[in-house]
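Structure record follows, encoded as structure tokens.
Read the figures in this text as sums done on the coordinates, not as results from a lab. In this text the structure is predicted, and so the values were computed from the model without any measurement. Here the Cβ is made from the backbone with ideal geometry for all residues, glycine too, and neighbour counts use every protein chain on show.
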Amino acid sequence: MLNFPRSQENIYFIPGLINTGVNHLAVLANSVTGISLGDEIGIFDENGLMNFNNCDNEFGMLLVGAGVYNGNQLAITSVGSVDNCQLDGIQIPGYVDENKILARIWNAFTNTEYPVHLLIGTGEGVFGELFTVIEDIQYFTPPWSEYDSETSMTIQVMSAEIQGFLPDVGDEIAVFDGDICVGSLKYSLGWESELTFMAGQGTTDIDGFIAGHSMSFKIWDATDAFEENLFSLELSGDQVFTAGGFTQISIIGLSAEIHPVYPTEFSILNTYPTPFNSRVKVEYGISQITNLKIQVYDILGKKILTLFDSVKPAGYHTVSWAPHQISSGVYYIHFQTEFTTKSIPVVYLK
């Protein structure tokens, strides 16, 4: 894995919550693979309490804690909400007890944000417990968590030769039925040994494979945080899903889908959602490495805050903004490189 040394302070996932005195401790264990030095992990509550200093009962996706991975065990403290409205008090934002703990990773090398599935070692993976131990993280997540041993299929990967791709510990392989991930495996020893994982059959309640459908495979490259759509030049073994079946697959001459080429100029590609009420994201492209400053201004031209101010490599990137304690209205996200400037309006509605 690439090491990308930098400050041990968060620069991407910044919760911006006041300390309520209610906290939850999540410990990222030493066993976690697939992330590199300097990557950040953000802890989210999908239905966190969002309003401040009132009793409006606003709930939504909320960043409640974050940390920078330094290669060792990492303790992340999340901020819990306070609701004293029944006592004629106020509400203060934070996580809500018994809500599920969600996480996203920010890859510091490629400036890529992506969701991960948490493999919990201690606790049930919800806020309000004494503490939670996260034993590992996983990118490919099948819709089912416990397969039916009578109908699931065993897939043994005997070998995988990949052109232009050097697998490493933390990378993942997944098998798909169409667009549905039906089974996955995270590499812990590298690709030299045989690897076996399960594919789950679909039910009336849970997506999975359909018997008789053909298999396809994808790779998650943990180093650069890209999902590789793989095109097999030769795939030996039975490539059809079978309920309760077993197959041995040798993937020979596998070639990875080429990543999109760098933009030819600085461009803003997409802004979503708009209007927004919690967090807005802007996707943009840079044609060459440059000093980049991203700032937010109000409609009167007053600077609200700086989202980013550092060197940014060529490629496609995303910046996000979650306003806190400002009024609804039109704001401008302003990009300034060594070569050009651009601004894009966004509408914030509480």
Quiz prompt | In order through the stretch 122-137: 3J(HN,Hα) via Karplus (6.51 cos²θ - 1.76 cosθ + 1.60), integer Hz, x for Gly, Pro | solution = 10, x, 9, x, 10, 6, x, 6, 4, 6, 10, 9, 9, 6, 6, 10
Quiz item: Which whole-Hz couplings ³J(HN,Hα) result when phi for each residue of the stretch 283-290 is put into the Karplus expression 6.51 cos²θ - 1.76 cosθ + 1.60, θ = phi - 60°, listed in order with x for Gly and Pro?
Solution: 9, 8, x, 10, 7, 7, 4, 7
Practice problem: Arrange the peptides 240-246, 41-47, 309-315 so that the one whose residues have, on average, the most other Cβ atoms within 10 Å appears first. | Solution: 41-47, 240-246, 309-315
Quiz item: Tell me, what is the FRET efficiency for T318 and T340 to the nearest 0.05, using R0 = 25 angstrom and their Cβ-Cβ distance as r?
Solution: 0.85
Quiz prompt | Choice from L102, L305, L74 with maximal GNM fluctuation in the chain (Cα, 10 Å cutoff) | solution = L305
Quiz item: Got a sec? How would K218, K302 order by Cβ neighbour count within 10 Å, fewest to most?
Solution: K302, K218
Quiz prompt | For I11, I76, order by how many other beta-carbon atoms lie within 10 Å, fewest first | solution = I11, I76
Quiz item: So how far apart, in nm, are the two label points at K350 and E283 if each is 7 Å from Cα heading toward Cβ?
Solution: 3.2 nm
Quiz item: Pulled fully out, how much extra length does the chain show between C85 and I206, if you take 0.36 nm times their separation in residues and subtract their Cα-Cα distance?
Solution: 39.6 nm
Self-check item: Whole-Hz couplings from phi, Karplus 6.51/-1.76/1.60, listed for the stretch 107-114; x for Gly and Pro
Solution: 7, 6, 6, 9, 6, 10, 9, 8
Practice problem: Taking the Cα centre of the chain as origin, work out the dipole magnitude from +1 charges on Lys and Arg Cβ and -1 charges on Asp and Glu Cβ, in debye rounded to 20. | Solution: 1520 debye
Quiz item: What residues have an amide H closer than 5 Å to that of D136, excluding those fewer than 5 places away on the same chain, when H is modeled at 1.01 Å from N in the peptide plane?
Solution: L119
Exercise. For a quick protection proxy, order the peptides 265-272, 107-114, 33-40 by their average other-Cβ count within 10 Å, most packed first.
Key: 33-40, 107-114, 265-272
Practice problem: Enumerate cysteines in the chain without a disulfide-compatible partner, where compatibility requires another Cys Cβ under 4.7 angstrom. | Solution: C181
Exercise. Run the quick spin-label model on S328 and E9: label points 7 Å from Cα toward the beta carbon, then report their separation in nm to one decimal.
Key: 3.5 nm
Exercise. Could you tell me which of rounded, prolate or oblate describes the stretch 1-97, using a ≥ b ≥ c as the square roots of the eigenvalues of the alpha-carbon gyration tensor, with rounded for a/c under 1.5 and, failing that, prolate when a/b is larger than b/c and oblate otherwise?
Key: prolate
Quiz item: Scaled to the compact-protein estimate 2.2 N^0.38 Å, what is the alpha-carbon radius of gyration of the chain, rounded to two decimal places?
Solution: 1.09
Quiz item: Taking 0.36 nm per residue of separation and subtracting the Cα-Cα distance, what length does fully extending K100 through I268 add?
Solution: 57.1 nm
Self-check item: Full-extension gain in nm, D168 to D309, via 0.36 nm per residue minus C-alpha separation
Solution: 47.6 nm
